[in-house]
């Protein structure tokens with residue numbers, strides 16, 4: 001299972017080892033000598049992992065979470081586990097979230113990562129390929145820690161990056177953090193082929209939803225605007241944290257749909273996600289935003305975010 005058991009190094013002391021290569025668009029470092037934790041057992045990449053009959057491989061039948069680890073602490077861990085529990089319930093997994101959390105605790109204490117991300121995936125196991133599933137069913141819990149190149153992320157946050165827009169063709173239950181991400185990958189591919197870092201997705205009705213792996217914010221006339229929660233977007237943990245920080249600072253926050261024309265006419269635009277935090281958008285479809293530089297409210301929120309994790 002190359003996709004599921006693709007890997008993360010347990011050696012976090014050397015972030016730039018010869019075995020690592022930087023993925024510039026994600027600001028991640030991937031290493032070849034990696035530990036994975038599957039159903040309570042630690043394995044290496046070369047060892048057999050999940051079965052080819054696992055339903056995440058056959059049908060995209062699985063959910064996942066990503067948690068940012070700062071200085072050896074998992075940031076907003078409880079919120080991530082609550083969202084994972086909602087995803088599990090939404091796809092009818094009869095799995096106790098406490099069982100998942102216990103495995104995370106065991107692996108975390110074993111690996112003791114400092115600056116990293118936790119990738120955690122839960123999927124249904126099946127013996128025979130069939131759309132139909134019987135209950136009760138066995139579940140696979142797989143996870144790994146992946147080192148994060150914070151230097152590259154901070155540079156991206158300082159300079160911002162260009163994005164493209166793309167048609168949102170994903171399924172309608174986007175509030176579920178599902179491993180079925182083909183549509184997201186195709187939109188991101190479009191962005192990368194145009195030397196951009198993200199694609200902002202737009203409904204056929206003209207409403208902006210989110211990015212392929214981020215939530216989208218615009219600033220207009222000192223209002224901070226982002227698409228409201230619902231089935232149409234993933235309820236981002238970083239999104240919620242940014243909204244809370246803004247409200248505490250007296251910034252007016254409006255949660256509603258906004259159009260592509262509002263996006264293009266915004267004073268500032270930025271995107272948020274767990275790994276990259278807050279990244280300014282400086283160009284959309286070759287059109288500059290805020291003269292092609294990060295805006296003042298974006299920079300202010302970035303500083304507030306950094307202060308909140310220190």
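Things to note:
- Yes/no for residue 98 being over 18 Å from residue 178 (Cα atoms), out of contact with any strand residue (DSSP E or B) (no Cβ under 7 Å at 6 or more places or on another chain) and at pLDDT 95 or above: yes
- Within the stretch 193-299, strands (runs of 3 or more DSSP E) holding 1 or more residues that are on the phi > 0 side of the Ramachandran plot and at pLDDT 95 or above: 277-284
- In the condition set (1) touching a helix residue (DSSP H, G or I) at 6+ places or on another chain (Cβ under 9 Å); (2) in the same structural domain as residue 108 (by TED's automatic domain parsing); (3) assigned to a loop (DSSP other than H, G, I, E, B), residue 134 is compliant with all but (1).
- So residue 72, is it under 21 Å from the mean Cα position of the chain (by Cα) and either more than 28 Å from residue 152 (Cα to Cα) or in the same structural domain as residue 272 (by TED's automatic domain parsing) (or both): no
Residue-by-condition table, conditions (1) surrounded by fewer than 22 Cβ atoms within 10 Å (Cβ to Cβ); (2) under 20 Å from the mean Cα position of the chain (by Cα); (3) over 30 Å from residue 227 (Cβ atoms):
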site: 114; (1), (2), (3): yes, yes, yes
site: 127; (1), (2), (3): yes, no, yes
site: 174; (1), (2), (3): yes, yes, no
site: 184; (1), (2), (3): yes, yes, no
site: 198; (1), (2), (3): no, yes, no
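- Taken together, the residues in the stretch 106-125 that are within 16 Å of residue 38 (Cβ to Cβ) and either modelled with pLDDT under 95 or part of a helix (DSSP H, G or I) (or both) amount to 7.
- All conditions but one from (1) within 27 Å of residue 245 (Cα to Cα); (2) surrounded by 13 or more Cβ atoms within 10 Å (Cβ to Cβ); (3) free of Cβ contacts under 8 Å to residues at least 24 places away in the same chain apply to residue 69; the one that does not is (3).
- Verdict on residue 291 being under 17 Å from residue 227 (Cα atoms) and in the same structural domain as residue 191 (by TED's automatic domain parsing): no
- Number of the exception - residue 175 against (1) in a loop (DSSP other than H, G, I, E, B); (2) outside the structural domain of residue 236 (by TED's automatic domain parsing): (2)
- Residues of the stretch 66-95 that are touching a strand residue (DSSP E or B) at 6+ places or on another chain (Cβ under 8 Å) and closer than 23 Å to residue 310 by Cα: 66, 67, 68, 69, 74, 75, 76, 77, 80, 81.
- Single residue of 271, 254 found to be under 13 Å from residue 298 (Cα atoms) and touching a strand residue (DSSP E or B) at 6+ places or on another chain (Cβ under 8 Å): 271
- Residue 276 being surrounded by fewer than 18 Cβ atoms within 10 Å (Cβ to Cβ) and under 21 Å from the mean Cα position of the chain (by Cα): no
The values are calculated or read from the model by the stated rules, or taken from the named source; none is laboratory data. Every value quoted in this text rests on a predicted model; they were computed, and no experiment measured them. Positions of Cβ are backbone-derived with ideal geometry, glycine not excepted, and every protein chain shown enters the neighbour counts.
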